[in-house]
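Quick notes on the structure that follows.
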Amino acid sequence: MSKSINSLLCLVAAGSLVAGCVATVRVPGPPPPPPPPRAYAPPPPPAYAPPPPAAAPVEVEVQATEAPPPLPEYDQPPCPEDGWLWTPGYWAYSTGGYYWIPGTWVAPPQVGVLWTPGYWGFVGGVYLFHAGYWGPHVGFYGGVNYGFGYGGVGFVGGRWAGNSFAYNTAVVHVNTTVIHNTYVNNVTVNNVTVNKVSYNGGAGGITAAPTPQERAAMSETHVPPTPAQRQHVNEAVRNPQLAAKANGGHPAIAATARPSSFNGPGVVGAKGAPPRATPLAPGHAPVNGAPRTLPGTAAAHGQVTGPRAQVAAPKAPPKAPPKPQAKPKPERKEGDKP
């Protein structure tokens, strides 16, 4: 009896399993329709990233429609401090025309850098000034022969030897009794400019292109002019003697031993320049390149001051001496002979 019950139970269980399997079997239906095609969306533009300093282009400061004057001839003042480097003079431009920035010795911003002078280049019908900069190597400066080691390509006026700068006394003016880190290398570059052309390209300009070494130097990390150099330029702009219209291209302050030091020792005038005028006295403000005499000042009373001599007030002619007067006759008394 128990066997029969067990067999029955097994059959019931097997039937239940079969029934469950049948219940879970599903017949696959038709496949779902494909999704609609996605509309094309262009990728967003990449975020702007400024170029690294090494790839920064040379800065263009100002432009002019006329060519700068020829470079003046002048002697180099002696280096005043050990480790200072020479920066050549050049013509700058403002609304009043060209004016001269005197060459000067300056302290470099850091050890191991050299100065690449600025230069004028004729591009697209105008003259553009490319600013100078400090860098590990000297870059392109238009092929302009500034003299004193800057003969148009590179610099031969000295070199860095560790943390000290060694001066080539065959090219630059150094007092060897004060500065002892010197050497002599008689290079073929003249100390004074021979070709006085001050710009690259255009009619009458210098036809020079950057060398591979100069191109590599132009792509290096640059250091801008130092605060002392900027102050030197600002002082030159305010000095009416340095305007080309006033000095005829021969500035009386062609070079200085120290930045912004336009008076006293170390100031060198250009060859053929007029005598250097005395600095403006208090109360004399330059107006359009000429001093203006203010009321109540010494110049208002006929004294000559300023870069352009003021005409002294004409003096009154001396008065004629008084005519001698006849002596009065003595009174006659009674009894005197007539």
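Numbers below:
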| quantity | calculated |
| --- | --- |
| For segment 212-222, 3J(HN,Hα) per residue [Karplus equation, 6.51 cos²θ - 1.76 cosθ + 1.60, θ = phi - 60°, Hz, x = Gly/Pro] | x, 5, 5, 4, 5, 5, 5, 8, 7, 5, 10 |
| Mean separation of Cα contacts under 8 Å (6+ apart) over length of segment 211-276, as relative contact order % | 25 percent |
| Cα-projected label distance for Glu73 with Val184, points at 7 Å along beta-carbon direction, nm | 2.5 nm |
| Viscosity 1.567 mPa s, 4 °C: Kirkwood-radius Stokes-Einstein D of segment 97-199 over Cα pairs, µm²/s | 87 µm²/s |
| Formal net charge of residues neighbouring Val178 (Cβ-Cβ distance under 12 Å; K, R +1; D, E -1) | -2 |
| Potential lengthening between Ala107 and Asp82 on full extension [0.36 nm per residue; Cα-Cα distance subtracted] | 8.1 nm |
| Residues of segment 109-225: accessible area per residue with a 1.4 Å probe, Å² | 44 Å² |
| FRET E, pair His137, Ala228, Förster distance 22 Å, beta-carbon r, rounded to 0.05 | 0.50 |
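The values are calculated or read from the model by the stated rules, or taken from the named source; none is laboratory data. What you see is a predicted model; the values in this text were computed from it and never measured. Here the Cβ is made from the backbone with ideal geometry for all residues, glycine too, and neighbour counts use every protein chain on show. Just so you know, the surface numbers come from the protein's heavy atoms only, side chains and all, with ligands and any DNA or RNA stripped out. Shrake-Rupley method; radii C 1.70, N 1.55, O 1.52, S 1.80 Å.
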